[in-house]
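Worksheet: the structure to be examined is printed underneath.
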Amino acid sequence: MTQPSAPVVHIDFAGSPQPSFNKNFDLLIRALREWQDKGYEIFICSDNPKQLHRLQAIFKDLKAGISWYPIEQALSAGFVDDTLKIACFTDHQIFQRFHACKLRTGFTREQALNVRLLRELQPGDFVTHVDYGIGRYSGLQKIEIGGQMQEAVRLVYKNNDLLYVSIHSLHKISKYIGKDGEAPQLSKLGSDAWKQLKARTKRKIKDIAAELIRLYAKRRASPAHAFPPDGYLQNELEASFIYEDTPDQYRATQEVKADMEKPYPMDRLICGDVGFGKTEVALRAAFKAATDGKQTAVLVPTTILALQHWRTFSERLAEFPVTVDYLNRFRSARERKDVLEKLAKGQIDIIIGTHALLGKDVKFKDLGLLIIDEEQKFGVAAKEKLRALQVNVHTLTLTATPIPRTLQFSLMAARDMSILRTPPPNRQPIHTEVRAFDEKLIQDAIYYEVHRGGQVFFVHNRVTDLPKIVGVLQRLCPDLDIAMAHGQMEAEKLEKVLIEFIDRKYDVLVCTNIIETGLDIPNANTIIINRADMFGLSDLHQLRGRVGRSNVRAFCYLLSPPMSTLTPETRKRLRTIEEFSELGDGFQVAMRDLDIRGAGNLLGAEQSGFIADIGYETYQKILDEAIQELKETDFKDLFKDDLAQKGAYVRDVTIETDVEMLIPDEYVSNTNERLSLYTQLNDIEDEAGVEAFAHMLRDRFGPLPPQVHALFEALRLRWLCKPLGFERLSLKGHKLRCYFLSNPQSSFFETEQFQRLMQFVAEKGRIMGLSLKQTTRELIVVQEDVRTLKQAKRTLEQLAQACGIAPAPPKPVATPTDGQVNQAPEPSADVFHS
C-alpha cells in the first residue's frame, strides 16, 4: 500500500543579502537612511568593538543622523528581512575585508616564555632573585602563617641558607641563563655582596641613563607640529585594512598617533618581527601626516625595498587623495629631477627613498614625519645627516632586530618603544637547521620546495663566486629555471630579474644579501644561506625572514664549515638563530646579540660582563628599577605627568596575611603544574584576566576551592595598593596595615592624591576605624577588626574613591542622532539565537 505523500508547504522568505557598498560611505549612508525611513531597525554586527567605534566616528563626521544598534557578535554575512523589518549588516562586508575566524586566545608571548621557563624549572636549577641574588630552586613548600597554610617557592643559597618566596612575588625570580653551561656562584644571604653589585650597576646605569634622559628632555622641549585627532578619512583607511589588526598592531598604531598629536617631536621605535605588520603601522602614520597637509619621508636602506614600499603604499592609498612617489637608482636623471621639483612644491605627500633622500638637492616644502626602516643598515654619516633633518620632525623607526645600542636606548626609556609580538593568524615558525655544505641536501631541499609549488632563495655573499654557484645548481637541478641577482648589476637588469622572480618565471634566485630587507614574496618558502658563519646575527634573522610569509611551513638551511673550526662567538651566533626560530623571536635575537656582543660603548666592558653574570632578565629588572628611581628623583619634573597618569610610583606590592590562600594539593596534585599556575596568576593585570584564569581552572580541575578565591582577592588588593602608594599590605591578627612608600624622597608624597588620602583619613578615619601611624622609617594606615581579604578590599576601594582614582565604568557605543546608546533589544526567538 503506497504511503500518502506529505503535503507540500511553501514558505516565503521576504529577505535579501546585504548589498555591496564598495567602501563608499555616501552610498551606505543613503541606503541606511532609506531603510530607516521605511521603519526598519538597523543592526551592525562586529566581534571587534573598535570597529563599531570607528563606524560611529565616521557616521558622526559625515553627519549621517542614523540610529543603529551595535552588536558585538560576528556574522558570516549580512541580510535584510522584510517581514521583521530589520536590516542586519556586517562590518567586514561594509569594509570589504576578510571575515576573520575566531582564534582561541592563549598567553602573550612574554607570559608564555615566562611560564615555559618556570614550568621547566627542576629542583636543583639555578635562579636569580632580583633582591637576593643567585640561588638554587628546591621546589614548593607549605608554610604555616598564623595557623593557616600557604605555599611558597623554596630557594637554597650559600651555606644551605633557605629563602621562601611568596607566590605573589614570583615575578622577582627568573631562571638563570648565563655563560655556556658554567655553574654560577651562589649568593650569600645576609651578605652585602649582591647589594653592592646591584648598587654598582645601578650607579653605572644611572650615569648613562641620565645623559640619555637629558637628550629626551631636550627633544621634549623643542616644538613640533601637533597633529589633530583622527578624522573620518583616517578611520576609513584603518577600517579598510583587509586583515584583522593584531592586538599589538592596534596598540602600536594608537601609541604612534598619540605621539604625533603631542606638541614635541615623536621618537618611537617599532620593533616587530619580519612580516608582523610594521609597514601598515608606518603607512597609517604617514597618512595621518598627509591628511594634515604635512609631507612624509620614508627612508629605506635598499633600492629594492624602496620599490617594494612604493608598491605597497600606492596600492593601499589608491582610493585616497594622497600622492606617493619614490627615489632610488632605478630612476632616470629626468625622473629624479621631476620628483625633486614636485617635492619642493609640496605636490608629493609621501616620498620613499634610499640614501638619495639625504642629498643636498632634496628640499621639502613642509616635512612633518620621518620614517626610518631598518635603522641598523645606515652608517654613522647617514645618521648624522638624519639628525640634522630630525630636529623638529616626528620620527618613527622600524626594525625587526634592533642593534644592541638602539635596543638599549629604548630599554633605558630614552626613546619610546612599541613591540609587535603577535604573529598574523596561520603563520608557522620557520624550520631552521645549521648544516655543512652538502650537494645532496641542497638538491633535495630545492626539489622539495619546487614540487610543492614554491620558490627558493640561495644566498651567497661574494659577487665573484655567484656564477660558479649558479653552475653548481644547474648541474644539480638541470630542469629548473635559475636566476642571479646582486647589487653590482645594472639597475634595469636587476629590477627585471627581481620582478620576474616575483612573477614566478624562475624557480631559484641565487643572490647576495641584497634580498635581505623588504622583499615580500609569499611564494618563496625555502632559503639556503651559504657560509652563514660570515653573517651577523641580525643579517641572518632578516634573511630568514624572507621566507615563511604565508601559511606554508618554511625552511631555512644555514650552511657553514664544521662547528669545531669556528670561533666561540660565531658558534653562539649560529646556535642563537637556530634556537630562536619561533614566531616573533626577533626581539629575543636582539637580546641575545646584546649578550654576545655587549652594548657597544654604551655600557662599557664591566657592564656587559655583569649581564652575563646574572642573566638578561634580572639585568632588565635592575635597569627598570634604576630608570624608575631617576624618574622619581633627578627628573621628577619632566616625568611628573607620566608618573601621575600611570600611578607608577609603586613598582611592587608585598602582601602578608594569615589568611589561607594557595592551590590545594587535592585540587592540583602536580607540583610543577601548581608553580606554573601561580606564575600565570602572578602575571594577571585585570579582572578580565582573573575571569579567564578562573574559567580555565574550572574547566581543567573542577569547582574552585575557597583558598583559590582568596588568592584572587590578594591579587585584587595588589592592584588597589599601587595607585594608593602602598608598597606593603599586612592583614594579620584581624588588623590591616598599609605601608606607604619607604622612600621619603618619592614625589608621590607631593601628589594631589596623597593629600586627598590624608584629608580623608583625618576627616572620616574615626568612623571607619582608620588611623595613621608614623615610625622613624614608615608611614602606615591602620584599621582594626578586619577579618577577611574582602573587607580589606572594601576599605582600599573607599580610599581609592576618596582620591579620585576609582575605576571608571566601560563606555558604551553612542549613536549619532541623539548621543544616547541604543541598547540592542533582546533578539527575539524569531530572528536569531545567540
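General observations
- A simple rule links phi to the HN-Hα coupling: the Karplus curve 6.51 cos²θ - 1.76 cosθ + 1.60 with θ = phi - 60°, which for region 42-52 gives 10, 10, 10, 9, 7, 8, 10, x, 4, 5, 5 Hz, with x for Gly and Pro.
- Contact order, relative form, for region 708-775: 18 percent (alpha carbon pairs under 8 Å, 6 or more residues apart, mean separation divided by residue count).
- Around the amide H of residue 398, modelled in the peptide plane, lie the amide H atoms of 270, 372, 373, 374, 375, all under 5 Å away and 5 or more residues distant in sequence or on another chain.
- The packing ranking, built from the mean of other Cβ atoms within 10 Å per residue, places the peptides 232-240, 366-374, 61-69 in the order 366-374, 232-240, 61-69, highest first.
- Net length available on complete extension from residue 563 to residue 700 is 44.8 nm, with 0.36 nm assigned per residue and the Cα-Cα distance removed.
- Unit charges at the beta carbon, dipole of region 245-296: most positive-side option, 281, 271, 293: 293
- Over 22 Å between alpha carbons, listed pairs 204/572; 60/288; 342/493; 172/195; 257/278: 204/572; 342/493
- Charged-residue dipole, Cβ positions (Lys, Arg, Asp, Glu), region 411-542 about Cα centre, Debye nearest 20: 220 debye
- Cα centroid of region 200-247 to Cα centroid of region 31-94, whole Å: 35 Å
- Surface analysis of region 660-723 yields an accessible area of 42 Å² per residue, using protein heavy atoms and a 1.4 Å probe.
- In sequence order, region 540-548 has phi-based couplings of 4, 5, 5, 4, 4, x, 6, 10, x Hz under the Karplus curve 6.51 cos²θ - 1.76 cosθ + 1.60, θ = phi - 60°, and Gly or Pro positions carry x.
- Electrostatic tally near residue 18: other residues with Cβ closer than 13 Å to its Cβ, Lys and Arg +1, Asp and Glu -1, net -2.
- Of all accessible heavy-atom area on region 246-399, the percent that carbon and sulfur account for (1.4 Å): 51 percent
- Summing charges over all other residues whose Cβ lies under 10 Å from the Cβ of residue 554, with Lys and Arg as +1 and Asp and Glu as -1, gives +4.
- For residue 506, distant residues with modelled amide H under 5 Å away: none
- What region 229-289 shows is 28 Å² of accessible area per residue, with the surface traced by a 1.4 Å probe over protein heavy atoms.
- Neighbour cut-off at most 14 other Cβ (10 Å), DSSP loop, GluC sites (Glu not before Pro), region 743-782: none
- Per residue accessible area in Å² of region 412-501, where ligands, DNA and RNA are left out and the probe is 1.4 Å: 48 Å²
- Point-charge dipole on Cβ atoms (K/R +1, D/E -1) for region 244-346, about Cα centre, debye to 20: 540 debye
- Under-5 Å amide H pairs with residue 143, H placed in peptide plane, nonlocal only: 150, 151, 152
- Violating pairs (Cα-Cα greater than 28 angstrom) within the set 631/735; 218/385; 188/722: 631/735; 188/722
- Among 783-796, 278-291, the order from most to least packed when residues are scored by Cβ within 10 Å on average: 278-291, 783-796
The values are calculated or read from the model by the stated rules, or taken from the named source; none is laboratory data. Remember, predicted model here, so these are calculated numbers, not experimental data. All Cβ positions, even for glycine, are placed from backbone atoms using ideal geometry, and neighbour counts span all protein chains on display. The area values use the complete protein model at the heavy-atom level, side chains included, leaving out ligands, DNA and RNA. Shrake-Rupley method; radii C 1.70, N 1.55, O 1.52, S 1.80 Å.
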